[in-house]
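As C-alpha coordinates, the structure follows; a few thoughts come after it.
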Amino acid sequence: MGRDGRPDAAATKADVVIAGGGLAGLSLALALKDGLGADAAITVYDPGFGRPLTGDRRCSAIAAGARRLLTVLGVWDQVADDAQPMTTMIVTDSRTRDVARPVFLTFDGDVEPGEPFAYMVPNATLQRALTLASERAGIDMRAATVADFTADRAGVTVMGSDGATLRAGLLVACDGAKSRLRSLAGITTTSWGYNQSAITFTVEHERPHEGRAEEHFLPAGPFATLPLPGNRASIVWTERTPDAQRMVELPDYRFQEELEQRFGHALGWVKVETRPQVYPLGFAMARSFIGERFALVGDAAHLIHPIAGQGLNMGLRDVAALAEAMTDAARVGLDFASPQVLERYQRWRRFDTFAMGVATDTLNKLFSNQSDALRLVRDVGLGLVDRLPRLKGLFIRDAAGLTGAVPKLLRGEAL
Ligand SMILES: Cc1cc2nc3c(=O)[nH]c(=O)nc-3n(C[C@H](O)[C@H](O)[C@H](O)COP(=O)(O)OP(=O)(O)OC[C@H]3O[C@@H](n4cnc5c(N)ncnc54)[C@H](O)[C@@H]3O)c2cc1C
(Lines give C-alpha, C1' and ligand atoms only; values in the text may rest on other atoms or scores of the structure.)
Protein backbone atom coordinates (compact mmCIF):
# COMPACT_ATOMS: atom_id res chain seq x y z
CA MET A 1 0.00 0.00 0.00
CA GLY A 2 1.10 3.56 -0.64
CA ARG A 3 0.80 6.28 2.02
CA ASP A 4 -2.67 7.17 0.72
CA GLY A 5 -3.83 3.58 1.25
CA ARG A 6 -3.84 2.72 -2.46
CA PRO A 7 -1.77 -0.21 -3.67
CA ASP A 8 1.81 0.91 -4.26
CA ALA A 9 3.03 -0.72 -7.42
CA ALA A 10 6.65 0.19 -6.65
CA ALA A 11 6.74 -1.55 -3.22
CA THR A 12 9.11 -4.51 -2.89
CA LYS A 13 7.97 -7.42 -0.66
CA ALA A 14 9.80 -8.40 2.54
CA ASP A 15 8.64 -10.51 5.45
CA VAL A 16 10.42 -8.43 8.08
CA VAL A 17 12.28 -5.12 7.90
CA ILE A 18 14.75 -4.36 10.69
CA ALA A 19 15.95 -0.78 11.20
CA GLY A 20 19.43 -0.92 12.71
CA GLY A 21 22.16 -3.45 12.01
CA GLY A 22 23.98 -3.14 15.34
CA LEU A 23 24.55 -6.13 17.61
CA ALA A 24 20.83 -6.51 18.40
CA GLY A 25 19.53 -5.92 14.85
CA LEU A 26 21.81 -8.44 13.11
CA SER A 27 21.26 -11.04 15.85
CA LEU A 28 17.51 -10.68 15.30
CA ALA A 29 17.91 -11.03 11.52
CA LEU A 30 19.81 -14.31 12.00
CA ALA A 31 17.37 -15.60 14.62
CA LEU A 32 14.45 -14.95 12.25
CA LYS A 33 16.22 -16.82 9.45
CA ASP A 34 16.65 -19.70 11.91
CA GLY A 35 12.99 -19.59 12.99
CA LEU A 36 11.04 -18.58 9.87
CA GLY A 37 13.23 -20.56 7.46
CA ALA A 38 16.02 -19.83 5.01
CA ASP A 39 13.58 -18.45 2.42
CA ALA A 40 12.19 -15.79 4.78
CA ALA A 41 12.86 -12.34 3.27
CA ILE A 42 14.63 -10.30 5.94
CA THR A 43 15.87 -6.78 5.14
CA VAL A 44 18.14 -4.83 7.50
CA TYR A 45 18.78 -1.12 7.05
CA ASP A 46 21.80 0.57 8.64
CA PRO A 47 23.73 3.60 7.37
CA GLY A 48 26.87 2.10 8.93
CA PHE A 49 26.99 -0.98 6.64
CA GLY A 50 30.15 -1.01 4.56
CA ARG A 51 32.01 1.44 6.85
CA PRO A 52 35.11 0.26 8.74
CA LEU A 53 34.34 -1.13 12.22
CA THR A 54 36.73 1.13 14.08
CA GLY A 55 34.22 3.40 15.84
CA ASP A 56 33.28 1.20 18.82
CA ARG A 57 36.36 0.07 20.74
CA ARG A 58 34.31 -1.23 23.70
CA CYS A 59 34.24 -4.84 24.88
CA SER A 60 31.08 -6.43 26.30
CA ALA A 61 30.42 -8.99 28.98
CA ILE A 62 28.38 -11.65 27.17
CA ALA A 63 26.40 -13.69 29.72
CA ALA A 64 26.00 -17.45 29.38
CA GLY A 65 22.48 -17.28 27.91
CA ALA A 66 23.54 -14.76 25.24
CA ARG A 67 26.61 -16.88 24.44
CA ARG A 68 24.35 -19.88 23.82
CA LEU A 69 22.18 -17.78 21.47
CA LEU A 70 25.28 -16.73 19.50
CA THR A 71 26.35 -20.38 19.31
CA VAL A 72 23.00 -21.48 17.87
CA LEU A 73 23.17 -18.61 15.35
CA GLY A 74 26.57 -19.91 14.19
CA VAL A 75 28.45 -16.80 15.28
CA TRP A 76 30.27 -17.88 18.44
CA ASP A 77 32.95 -19.90 16.60
CA GLN A 78 34.07 -16.68 14.89
CA VAL A 79 34.44 -14.77 18.16
CA ALA A 80 35.72 -17.53 20.44
CA ASP A 81 39.42 -16.78 19.78
CA ASP A 82 38.99 -13.18 20.96
CA ALA A 83 36.75 -14.12 23.93
CA GLN A 84 37.96 -14.35 27.51
CA PRO A 85 36.02 -16.53 29.99
CA MET A 86 35.16 -14.68 33.18
CA THR A 87 35.63 -17.09 36.06
CA THR A 88 35.39 -14.81 39.10
CA MET A 89 33.92 -11.42 39.82
CA ILE A 90 34.80 -9.50 42.94
CA VAL A 91 33.09 -6.39 44.23
CA THR A 92 34.73 -3.87 46.55
CA ASP A 93 33.51 -0.66 48.08
CA SER A 94 36.14 1.98 48.77
CA ARG A 95 37.25 5.57 48.22
CA THR A 96 39.79 6.45 45.53
CA ARG A 97 42.59 7.01 48.02
CA ASP A 98 41.85 4.02 50.31
CA VAL A 99 44.89 1.75 50.47
CA ALA A 100 42.95 -1.39 51.45
CA ARG A 101 39.94 -2.43 49.39
CA PRO A 102 37.82 -4.81 51.40
CA VAL A 103 36.15 -7.42 49.19
CA PHE A 104 32.44 -7.62 49.96
CA LEU A 105 31.16 -9.98 47.34
CA THR A 106 32.72 -12.70 45.20
CA PHE A 107 30.97 -14.52 42.38
CA ASP A 108 32.63 -17.54 40.86
CA GLY A 109 31.81 -20.90 39.41
CA ASP A 110 30.04 -22.02 36.27
CA VAL A 111 26.34 -21.80 35.39
CA GLU A 112 26.64 -25.41 34.21
CA PRO A 113 29.77 -27.58 34.55
CA GLY A 114 32.39 -26.16 32.16
CA GLU A 115 30.23 -23.16 31.20
CA PRO A 116 31.48 -19.84 32.66
CA PHE A 117 28.83 -17.30 33.72
CA ALA A 118 30.16 -14.77 31.17
CA TYR A 119 32.80 -14.03 28.50
CA MET A 120 34.39 -10.70 27.56
CA VAL A 121 34.22 -10.03 23.81
CA PRO A 122 35.33 -6.99 21.75
CA ASN A 123 32.24 -5.37 20.19
CA ALA A 124 34.03 -5.01 16.82
CA THR A 125 34.77 -8.76 16.70
CA LEU A 126 31.14 -9.57 17.41
CA GLN A 127 29.85 -7.03 14.88
CA ARG A 128 32.19 -8.46 12.21
CA ALA A 129 31.08 -12.05 12.89
CA LEU A 130 27.38 -11.08 12.80
CA THR A 131 27.89 -9.17 9.53
CA LEU A 132 29.63 -12.13 7.85
CA ALA A 133 26.98 -14.59 9.07
CA SER A 134 24.19 -12.27 7.85
CA GLU A 135 25.79 -11.98 4.41
CA ARG A 136 26.11 -15.77 4.25
CA ALA A 137 22.48 -16.24 5.33
CA GLY A 138 21.28 -14.10 2.41
CA ILE A 139 19.95 -11.24 4.53
CA ASP A 140 19.24 -8.16 2.40
CA MET A 141 21.56 -5.54 3.98
CA ARG A 142 21.04 -1.95 2.86
CA ALA A 143 23.44 0.89 3.69
CA ALA A 144 20.74 3.50 4.32
CA THR A 145 18.29 4.49 7.07
CA VAL A 146 14.62 3.73 7.46
CA ALA A 147 13.25 7.23 6.89
CA ASP A 148 9.55 6.71 7.53
CA PHE A 149 6.80 4.08 7.74
CA THR A 150 3.05 3.65 7.89
CA ALA A 151 1.33 0.62 9.36
CA ASP A 152 -2.14 -0.81 8.93
CA ARG A 153 -3.76 -4.08 10.02
CA ALA A 154 -2.48 -5.96 6.97
CA GLY A 155 1.15 -4.83 6.94
CA VAL A 156 3.68 -2.04 7.16
CA THR A 157 5.05 0.15 4.36
CA VAL A 158 8.65 1.17 4.96
CA MET A 159 10.41 4.03 3.18
CA GLY A 160 14.21 3.86 3.00
CA SER A 161 16.54 6.84 2.57
CA ASP A 162 17.77 4.93 -0.51
CA GLY A 163 14.43 5.78 -2.18
CA ALA A 164 13.08 2.21 -1.89
CA THR A 165 9.61 1.37 -0.56
CA LEU A 166 9.08 -2.03 1.05
CA ARG A 167 5.89 -3.72 2.11
CA ALA A 168 6.43 -6.10 5.06
CA GLY A 169 4.63 -8.02 7.78
CA LEU A 170 6.61 -6.40 10.59
CA LEU A 171 9.02 -3.51 11.15
CA VAL A 172 11.41 -3.93 14.08
CA ALA A 173 13.24 -0.88 15.43
CA CYS A 174 16.74 -1.83 16.58
CA ASP A 175 17.93 1.72 15.98
CA GLY A 176 19.46 2.33 19.40
CA ALA A 177 18.78 4.47 22.45
CA LYS A 178 17.85 7.59 20.46
CA SER A 179 15.47 5.56 18.27
CA ARG A 180 13.82 7.78 15.68
CA LEU A 181 11.40 5.04 14.73
CA ARG A 182 10.18 4.81 18.34
CA SER A 183 9.26 8.52 18.11
CA LEU A 184 7.66 8.05 14.68
CA ALA A 185 5.55 5.25 16.21
CA GLY A 186 4.43 7.68 18.93
CA ILE A 187 5.97 5.61 21.75
CA THR A 188 7.29 7.73 24.63
CA THR A 189 9.91 6.76 27.21
CA THR A 190 10.54 7.27 30.90
CA SER A 191 14.09 8.56 30.95
CA TRP A 192 16.73 10.46 32.90
CA GLY A 193 20.44 11.19 32.68
CA TYR A 194 22.92 10.15 35.37
CA ASN A 195 25.35 13.06 35.00
CA GLN A 196 27.89 10.23 34.78
CA SER A 197 29.96 9.14 31.79
CA ALA A 198 31.89 5.94 31.26
CA ILE A 199 35.50 6.21 30.09
CA THR A 200 36.38 2.98 28.27
CA PHE A 201 39.64 1.64 26.87
CA THR A 202 41.80 -1.46 27.09
CA VAL A 203 45.03 -1.91 29.05
CA GLU A 204 47.96 -4.27 29.18
CA HIS A 205 49.20 -5.35 32.62
CA GLU A 206 52.14 -7.25 34.03
CA ARG A 207 50.63 -10.29 35.77
CA PRO A 208 47.86 -12.71 34.65
CA HIS A 209 44.30 -11.86 35.73
CA GLU A 210 43.23 -15.53 35.73
CA GLY A 211 39.80 -14.59 34.42
CA ARG A 212 38.98 -12.36 37.38
CA ALA A 213 36.80 -9.29 36.89
CA GLU A 214 36.82 -6.58 39.54
CA GLU A 215 34.31 -3.85 40.17
CA HIS A 216 35.34 -1.14 42.63
CA PHE A 217 32.51 1.04 43.77
CA LEU A 218 33.95 4.52 44.12
CA PRO A 219 32.01 7.67 45.05
CA ALA A 220 31.81 8.96 41.45
CA GLY A 221 30.65 5.55 40.14
CA PRO A 222 32.00 2.05 39.48
CA PHE A 223 35.49 1.35 38.13
CA ALA A 224 35.48 -2.06 36.43
CA THR A 225 38.47 -4.12 35.28
CA LEU A 226 37.24 -6.84 32.92
CA PRO A 227 39.61 -9.60 31.72
CA LEU A 228 40.62 -9.96 28.05
CA PRO A 229 42.81 -12.65 26.43
CA GLY A 230 46.48 -12.38 27.46
CA ASN A 231 47.53 -9.98 30.19
CA ARG A 232 44.95 -7.45 29.07
CA ALA A 233 41.77 -5.93 30.42
CA SER A 234 38.90 -3.72 29.38
CA ILE A 235 38.31 -0.74 31.67
CA VAL A 236 34.90 0.83 32.27
CA TRP A 237 35.58 3.83 34.52
CA THR A 238 32.63 5.96 35.57
CA GLU A 239 33.04 9.63 36.51
CA ARG A 240 30.73 12.61 36.79
CA THR A 241 30.33 13.82 33.20
CA PRO A 242 32.45 17.03 33.45
CA ASP A 243 35.22 15.08 35.26
CA ALA A 244 35.22 12.31 32.61
CA GLN A 245 35.83 14.81 29.85
CA ARG A 246 38.51 16.55 31.93
CA MET A 247 40.13 13.17 32.68
CA VAL A 248 40.55 12.14 29.02
CA GLU A 249 42.00 15.54 28.17
CA LEU A 250 44.76 15.18 30.82
CA PRO A 251 48.36 14.79 29.64
CA ASP A 252 49.25 11.08 29.32
CA TYR A 253 51.34 10.92 32.52
CA ARG A 254 48.51 12.47 34.60
CA PHE A 255 45.94 10.11 33.07
CA GLN A 256 48.27 7.23 33.93
CA GLU A 257 48.49 8.42 37.58
CA GLU A 258 44.69 8.60 37.87
CA LEU A 259 44.40 5.15 36.29
CA GLU A 260 46.96 3.57 38.65
CA GLN A 261 45.20 5.07 41.66
CA ARG A 262 42.04 3.20 40.67
CA PHE A 263 43.51 0.08 39.01
CA GLY A 264 45.78 -0.67 41.98
CA HIS A 265 49.00 -2.70 41.85
CA ALA A 266 47.75 -6.28 42.27
CA LEU A 267 48.40 -7.01 38.56
CA GLY A 268 51.78 -5.20 38.48
CA TRP A 269 52.36 -2.40 35.98
CA VAL A 270 49.53 -1.21 33.76
CA LYS A 271 49.73 0.43 30.33
CA VAL A 272 46.95 2.08 28.28
CA GLU A 273 46.47 0.19 25.00
CA THR A 274 43.64 1.97 23.15
CA ARG A 275 42.57 5.63 23.11
CA PRO A 276 39.90 6.23 25.80
CA GLN A 277 36.34 6.85 24.60
CA VAL A 278 33.65 8.63 26.66
CA TYR A 279 30.02 7.47 26.78
CA PRO A 280 27.43 9.64 28.63
CA LEU A 281 25.14 7.39 30.70
CA GLY A 282 21.39 7.48 31.04
CA PHE A 283 18.27 5.47 31.69
CA ALA A 284 15.32 5.07 29.30
CA MET A 285 12.43 2.64 29.24
CA ALA A 286 9.89 2.66 26.40
CA ARG A 287 6.29 2.89 27.67
CA SER A 288 5.38 0.14 25.20
CA PHE A 289 7.60 -2.30 23.28
CA ILE A 290 5.08 -2.76 20.46
CA GLY A 291 2.75 -0.96 18.07
CA GLU A 292 0.76 -1.99 15.01
CA ARG A 293 3.07 -4.22 12.94
CA PHE A 294 5.92 -2.69 14.96
CA ALA A 295 8.26 -3.82 17.76
CA LEU A 296 11.18 -2.33 19.66
CA VAL A 297 14.28 -4.43 20.43
CA GLY A 298 17.56 -3.65 22.24
CA ASP A 299 18.54 -0.14 23.32
CA ALA A 300 15.60 1.25 21.34
CA ALA A 301 13.37 -0.39 23.97
CA HIS A 302 15.56 0.10 27.07
CA LEU A 303 18.74 1.91 28.00
CA ILE A 304 20.30 0.97 31.33
CA HIS A 305 23.43 1.82 33.34
CA PRO A 306 26.41 -0.42 32.39
CA ILE A 307 27.10 -1.07 36.11
CA ALA A 308 26.14 -4.75 35.67
CA GLY A 309 27.16 -5.19 31.99
CA GLN A 310 23.61 -6.15 31.03
CA GLY A 311 22.43 -3.75 28.27
CA LEU A 312 23.33 -5.90 25.28
CA ASN A 313 22.40 -9.09 27.14
CA MET A 314 18.91 -7.65 27.63
CA GLY A 315 18.77 -6.83 23.92
CA LEU A 316 19.72 -10.41 23.01
CA ARG A 317 17.00 -11.69 25.35
CA ASP A 318 14.52 -9.49 23.41
CA VAL A 319 15.82 -11.09 20.20
CA ALA A 320 15.30 -14.62 21.56
CA ALA A 321 11.78 -13.89 22.85
CA LEU A 322 10.54 -12.04 19.74
CA ALA A 323 11.97 -14.61 17.31
CA GLU A 324 10.41 -17.47 19.29
CA ALA A 325 6.97 -15.82 19.56
CA MET A 326 6.97 -15.13 15.78
CA THR A 327 8.23 -18.62 14.90
CA ASP A 328 5.62 -20.36 17.08
CA ALA A 329 2.83 -18.46 15.27
CA ALA A 330 4.26 -19.02 11.78
CA ARG A 331 4.66 -22.80 12.39
CA VAL A 332 0.92 -23.20 12.91
CA GLY A 333 0.05 -21.02 9.93
CA LEU A 334 -0.80 -17.86 11.91
CA ASP A 335 0.23 -14.27 11.19
CA PHE A 336 3.65 -13.85 12.85
CA ALA A 337 3.04 -10.17 13.62
CA SER A 338 -0.55 -10.27 14.86
CA PRO A 339 -1.41 -8.23 17.98
CA GLN A 340 -1.46 -11.51 20.00
CA VAL A 341 2.07 -12.44 18.94
CA LEU A 342 3.42 -8.97 19.67
CA GLU A 343 1.60 -8.92 23.03
CA ARG A 344 3.26 -12.24 23.90
CA TYR A 345 6.66 -10.71 23.15
CA GLN A 346 5.89 -7.66 25.25
CA ARG A 347 4.64 -9.71 28.23
CA TRP A 348 7.73 -11.91 28.02
CA ARG A 349 10.16 -9.02 28.10
CA ARG A 350 8.57 -6.09 29.98
CA PHE A 351 8.86 -7.37 33.55
CA ASP A 352 12.41 -8.68 33.19
CA THR A 353 13.53 -5.45 31.53
CA PHE A 354 11.83 -3.27 34.11
CA ALA A 355 13.31 -5.31 36.99
CA MET A 356 16.84 -5.05 35.53
CA GLY A 357 16.40 -1.33 34.87
CA VAL A 358 15.34 -0.70 38.47
CA ALA A 359 18.10 -2.94 39.87
CA THR A 360 20.89 -1.19 37.94
CA ASP A 361 19.48 2.25 38.74
CA THR A 362 19.24 1.43 42.46
CA LEU A 363 22.73 -0.10 42.57
CA ASN A 364 24.18 3.00 40.94
CA LYS A 365 22.35 5.40 43.30
CA LEU A 366 23.25 3.33 46.36
CA PHE A 367 26.94 3.10 45.50
CA SER A 368 27.82 6.32 43.66
CA ASN A 369 27.90 8.70 46.61
CA GLN A 370 29.98 9.78 49.61
CA SER A 371 27.44 8.94 52.35
CA ASP A 372 28.97 6.91 55.20
CA ALA A 373 25.50 5.77 56.33
CA LEU A 374 24.68 4.36 52.88
CA ARG A 375 28.14 2.82 52.74
CA LEU A 376 27.42 0.89 55.92
CA VAL A 377 24.03 -0.29 54.62
CA ARG A 378 25.40 -1.49 51.29
CA ASP A 379 28.46 -3.15 52.81
CA VAL A 380 26.32 -5.09 55.29
CA GLY A 381 23.97 -6.00 52.41
CA LEU A 382 26.82 -7.20 50.17
CA GLY A 383 28.39 -9.13 53.05
CA LEU A 384 25.07 -10.90 53.69
CA VAL A 385 24.64 -11.87 50.02
CA ASP A 386 28.22 -13.15 50.03
CA ARG A 387 27.41 -15.54 52.87
CA LEU A 388 24.32 -17.02 51.19
CA PRO A 389 25.52 -19.38 48.43
CA ARG A 390 22.02 -20.21 47.17
CA LEU A 391 21.13 -16.55 46.78
CA LYS A 392 24.43 -15.91 45.02
CA GLY A 393 23.75 -18.85 42.72
CA LEU A 394 20.39 -17.33 41.85
CA PHE A 395 21.98 -13.93 41.11
CA ILE A 396 24.52 -15.61 38.80
CA ARG A 397 21.83 -17.52 36.89
CA ASP A 398 19.68 -14.39 36.71
CA ALA A 399 22.54 -12.27 35.33
CA ALA A 400 23.24 -15.10 32.87
CA GLY A 401 19.64 -14.83 31.63
CA LEU A 402 18.76 -18.34 32.82
CA THR A 403 15.91 -17.73 35.27
CA GLY A 404 12.16 -17.48 34.63
CA ALA A 405 10.67 -18.48 31.26
CA VAL A 406 13.93 -18.82 29.34
CA PRO A 407 13.51 -18.59 25.54
CA LYS A 408 14.87 -21.52 23.51
CA LEU A 409 17.83 -19.66 21.98
CA LEU A 410 19.10 -18.73 25.45
CA ARG A 411 18.83 -22.40 26.43
CA GLY A 412 21.03 -23.20 23.44
CA GLU A 413 18.20 -24.77 21.37
CA ALA A 414 17.38 -23.92 17.75
CA LEU A 415 13.90 -22.42 17.18
C1 LIG B 1 30.43 1.96 28.44
C2 LIG B 1 29.44 0.88 28.14
C3 LIG B 1 29.75 -0.44 28.41
C4 LIG B 1 28.83 -1.44 28.15
N5 LIG B 1 29.13 -2.73 28.48
C6 LIG B 1 28.22 -3.70 28.28
C7 LIG B 1 28.49 -5.05 28.66
O8 LIG B 1 29.57 -5.36 29.17
N9 LIG B 1 27.54 -6.00 28.45
C10 LIG B 1 26.32 -5.68 27.91
O11 LIG B 1 25.48 -6.57 27.77
N12 LIG B 1 26.05 -4.41 27.52
C13 LIG B 1 26.95 -3.42 27.70
N14 LIG B 1 26.67 -2.14 27.29
C15 LIG B 1 25.41 -1.86 26.57
C16 LIG B 1 25.52 -2.22 25.08
O17 LIG B 1 26.67 -1.62 24.54
C18 LIG B 1 24.27 -1.77 24.32
O19 LIG B 1 23.14 -2.24 25.01
C20 LIG B 1 24.26 -2.34 22.91
O21 LIG B 1 25.40 -1.97 22.20
C22 LIG B 1 23.02 -1.85 22.15
O23 LIG B 1 22.96 -2.46 20.89
P24 LIG B 1 21.76 -2.11 19.89
O25 LIG B 1 22.03 -2.93 18.67
O26 LIG B 1 20.44 -2.23 20.58
O27 LIG B 1 21.93 -0.56 19.57
P28 LIG B 1 23.12 0.27 18.84
O29 LIG B 1 24.44 -0.37 19.08
O30 LIG B 1 22.93 1.67 19.27
O31 LIG B 1 22.78 0.11 17.30
C32 LIG B 1 21.80 0.87 16.65
C33 LIG B 1 22.06 0.82 15.16
O34 LIG B 1 20.96 1.45 14.49
C35 LIG B 1 21.45 2.21 13.39
N36 LIG B 1 20.40 3.21 13.08
C37 LIG B 1 20.05 4.33 13.77
N38 LIG B 1 18.98 4.92 13.20
C39 LIG B 1 18.63 4.16 12.13
C40 LIG B 1 17.59 4.24 11.16
N41 LIG B 1 16.66 5.21 11.16
N42 LIG B 1 17.53 3.29 10.20
C43 LIG B 1 18.42 2.26 10.17
N44 LIG B 1 19.42 2.14 11.08
C45 LIG B 1 19.52 3.07 12.05
C46 LIG B 1 22.77 2.78 13.88
O47 LIG B 1 23.62 3.10 12.80
C48 LIG B 1 23.31 1.62 14.74
O49 LIG B 1 24.16 0.76 13.99
C50 LIG B 1 27.57 -1.11 27.57
C51 LIG B 1 27.27 0.22 27.27
C52 LIG B 1 28.19 1.22 27.56
C53 LIG B 1 27.81 2.65 27.24
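The values are calculated or read from the model by the stated rules, or taken from the named source; none is laboratory data. Here the structure is a predicted model, which means the values were calculated and not measured. When we count neighbours, we look across all protein chains shown, and the Cβ atoms used for this are built from the backbone with ideal geometry, even at glycine. SASA here: full protein model, heavy atoms, side chains in, ligands and nucleic acids out. Shrake-Rupley method; radii C 1.70, N 1.55, O 1.52, S 1.80 Å.
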By accessible area with a 1.4 Å probe, ligands and nucleic acids excluded, highest first: order of 170, 250: 250, 170
Per residue, how much accessible surface does segment 328-368 expose to a 1.4 Å probe? Answer in Å², no decimals. 54
Just name one of 327, 346, 362: the one whose Cα is farthest towards the positive end of the charge dipole of segment 278-367 (beta-carbon charges, Lys/Arg +1, Asp/Glu -1). 362
Please give the solvent-accessible surface of residue 322 in Å², to the nearest 10, using a probe radius of 1.4 Å with every protein chain present. 0
Positive-end extreme of charge dipole, the chain - chosen from 197, 302, 396 (charges on Cβ): 302
When only C-alpha pairs under 8 Å and at least 6 residues apart count, what is the relative contact order of the chain, in percent? 22
Of all DSSP beta bridges in the chain, what percent run antiparallel (nearest 5)? 75
Can you give the extra length, in nm with one decimal, that the chain gains between residue 331 and residue 77 once fully stretched, where that is 0.36 nm per residue apart less the Cα-Cα distance? 88.6 nm
Total charge dipole magnitude, the chain, about the Cα centre, Cβ charges on Lys, Arg, Asp, Glu only, Debye to nearest 20: 640
Please give the charge dipole size of segment 208-293, origin at the Cα centre, charges +1 on K and R Cβ atoms and -1 on D and E Cβ atoms. Round to the nearest 20 debye. 280
Convex hull of segment 219-306 built on C-alpha atoms - directionally averaged projected area, nm²: 8.1
Accessible area per residue for segment 59-203 in Å², computed with a 1.4 Å probe and the full protein assembly in place, what is it? 40
What residue among 176, 155, 141 has its Cα farthest toward the positive end of the dipole of the chain, where the charges are +1 on Lys, Arg and -1 on Asp, Glu, each on the Cβ? 155
Quick one: how many Å² of residue 307 are accessible to a 1.4 Å probe, rounded to 10? 10
Proximal aspartates and glutamates relative to residue 13, as straight alpha-carbon distance under 20 Å, when same-chain residues fewer than 8 apart are discounted: 4, 34, 39, 46, 135, 140, 148, 152, 162, 292, 335
Check cross-link reach from residue 271 to the aspartates and glutamates: straight Cα distance under 16 Å, and skip same-chain residues fewer than eight apart. 204, 206, 252, 257, 258, 260
At what distance in nm do the modelled label points of residue 152 and residue 51 sit from each other, each positioned 7 Å from its Cα along Cα→Cβ? 3.6
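Please give the FRET efficiency for residue 379 paired with residue 358, using the beta carbon to beta carbon distance and R0 = 22 Å, rounded to the nearest 0.05.
That pair, residue 379 with residue 358, gives E of 0.55.
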Return the carbon/sulfur percentage of the accessible area of segment 7-91, one whole number, probe 1.4 Å, all protein chains in place. 51
In whole percent, the fraction of accessible protein surface over segment 151-285 that belongs to carbon or sulfur atoms, probe radius 1.4 Å, stands at 51
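Where does the chain land at 222 nm, in deg cm²/dmol rounded to the nearest 500, when only DSSP H runs of n ≥ 4 count, each adding -39500 (n - 2.57), divided by all residues?
-11000 deg cm²/dmol
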